[in-house]
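Notes follow once the structure below has been shown.
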Amino acid sequence: MEKTIIVTGGAGFIGSHVVRLFVTKYPNYKIVNVDKLTYAGNLENLTDIDKLPNYIFEKADITDAAAIKSVFDKHRPDGVIHLAAESHVDRSISNPMEFIMTNIVGTVTLLNAARTNWGNDLEGKRFYHVSTDEVYGSLGAEGFFTETTAYDPRSPYSASKASSDHLVRACHHTFGLPVTLSNCSNNYGPNHFPEKLIPLSINNIKNNKPIPIYGKGENVRDWLYVLDHARAIDTIFHNGKNGETYNIGGNNEWTNIDLIRLLCRIMDKKLHRESGTSEKLITFVKDRAGHDLRYAIDSTKLQHELGWKPSLQFEEGLDKTVDWYLSNEKWLDNVVNGEYQQYYQKQYGNN
Ligand code: NAD
Ligand code: DAU
């Protein structure tokens, strides 16, 4: 094998698309998926590629230093693409400690393992940390986040991700660890866990349940199709400069209410419902505590320096996403069983 790469969180939403892209595009790389399989980790995301000879799964918790050391000793990776995280803002509000453990302690555990395993032999090595635009805080009506925007995280989730970003950079400056970082906007697409706005709404519309919109639905997010994020990660992993950060975004801003109205129109067509049927399910509920108003990414650096750009228009991406959920009912039914029901009741009550 030409290279061995550890992908953490490869059973999750974005991680599974990154694993699939790397396993199929680089048959000469060994891809080791390291995942604890929390409620968000799902090996069903990878059943189409998990028999390929260059794919290996290791069940491990990134906060468990002994387990992570033994994965590094066993596979001796050339690269790490670190996606494992607690990723849902609402869960970070009700249970911050899980976020501190996985996102901060877990990241330091991986950094330590990489430093120990690689020693002074850093030729061809790379630790790639995947982060979020939420570290930059919240924008007003104007402006964009660039790579030099000051950090201003405002939820336990974004504060834990900001902390992990700082620790990765600190390892680069203090110990010379070869790193790259990226901060991406909101992803959407197949395999997205239905606690997040788009897949939750698809599932609820399908089942004629209320669509819970926080506050007045005026908050703005910049949406990017998940495969375009995976392609950006591939580009940065291979061509990004050591020590650099790249912002990734869709240049595709939507207020939540406009996005959900578009989704309702698409779902009405796909489900052969009378136009306007799904919109009647929209229900305004109590706002998220500390709800960031607007995120918008300036990805000029990545586009100009490394030649990446998003490939899909939003309407096309959303249409493909709805098709995927409607033709993968078993996947959806499996993930909304069990823990999801308790989570939903606690978060939304009878809404
Ligand atoms: P996800 O919640 O769908 O998946 C997270 C994965 O990490 C799961 O497979 C889970 O089992 C695994 N995991 C969690 N804790 C672990 C631990 N202690 N040890 C090992 N594995 C563990 O997340 P996602 O939406 O795919 O996000 C992946 C990464 O991308 C995260 O770092 C997130 O901060 C970042 N990100 C996400 C988005 C987005 O819109 N979803 C945008 C920008 C950046
Ligand atoms: O910006 C990148 C981030 O995007 C990632 O780092 C996070 O991991 C990812 O979860 C996502 O965070 P958001 O909080 O923006 O995503 P979420 O889908 O939870 O919410 C999108 C918007 O929709 C946000 O303004 C809150 C609102 N919302 C969300 C839910 C779940 C609702 O109005 N109702 C809901 O039920």
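What the table below lists for this structure:
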| read-out | value |
| --- | --- |
| Protection proxy ranking of 294-306, 104-116 - average other beta-carbon atoms within 10 Å, highest first | 104-116, 294-306 |
| Rough spin-label spacing in nm, given labels placed 7 Å along Cα→Cβ, for Thr146 and Ala66 | 4.9 nm |
| Under-5 Å amide H pairs with Thr132, H placed in peptide plane, nonlocal only | Cys184 |
| Rounded FRET efficiency, nearest 0.05, which uses the C-beta distance separating Glu218 from Glu329 and R0 of 25 Å | 0.15 |
| Table column - 3J(HN,Hα) (Hz), the stretch 56-65, Karplus curve with 6.51, -1.76, 1.60, x for Gly and Pro | 9, 10, 10, 7, 7, 8, 5, 8, 8, 4 |
| Dmax and Rg, reported as Rg then Dmax, of the chain (C-alpha, Å) | 19.7, 65 |
| Heavy-atom accessible surface of the chain: percent carbon and sulfur, 1.4 Å | 50 percent |
| Cα→Cβ-extended label distance, 7 Å offset, between Asn28 and Lys269, nm | 4.4 nm |
| Whole-Å distance, taken between Cα centres, linking the stretch 100-146 and the stretch 6-67 | 18 Å |
| Within the chain, percent of DSSP bridges classed antiparallel, to nearest 5 | 10 percent |
| Centre separation in Å (Cα based) which lies between the stretch 165-182 and the stretch 242-268 | 29 Å |
| Quarter of the Cα convex hull surface for the stretch 11-105, i.e. its orientation-mean projected area (nm²) | 6.2 nm² |
| Vicinal HN-Hα couplings computed from phi for the stretch 121-138 (Karplus, 6.51 cos²θ - 1.76 cosθ + 1.60; Hz; Gly/Pro x) | 8, 9, 4, x, 9, 7, 10, 10, 9, 9, 10, 10, 5, 5, 5, 7, x, 10 |
| Ranked by how many other beta carbons lie within 10 Å on average, peptides 146-155, 117-126, 227-236 from highest | 227-236, 146-155, 117-126 |
| Inter-label distance, nm, simple model (7 Å from Cα along the C-beta direction), Leu262/Lys3 | 3.3 nm |
| Förster-model FRET efficiency, 30 Å R0, Val285 and Thr116, C-beta, rounded to 0.05 | 0.05 |
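The values are calculated or read from the model by the stated rules, or taken from the named source; none is laboratory data. Since this is a predicted model, take the numbers as computed values, not measurements. In this analysis, Cβ positions are derived from the backbone assuming ideal geometry, glycine residues included, and neighbour counts consider all displayed protein chains. To get the accessible areas, we keep the full protein, side chains included, count just its heavy atoms, and leave off ligands, DNA and RNA. Shrake-Rupley method; radii C 1.70, N 1.55, O 1.52, S 1.80 Å.
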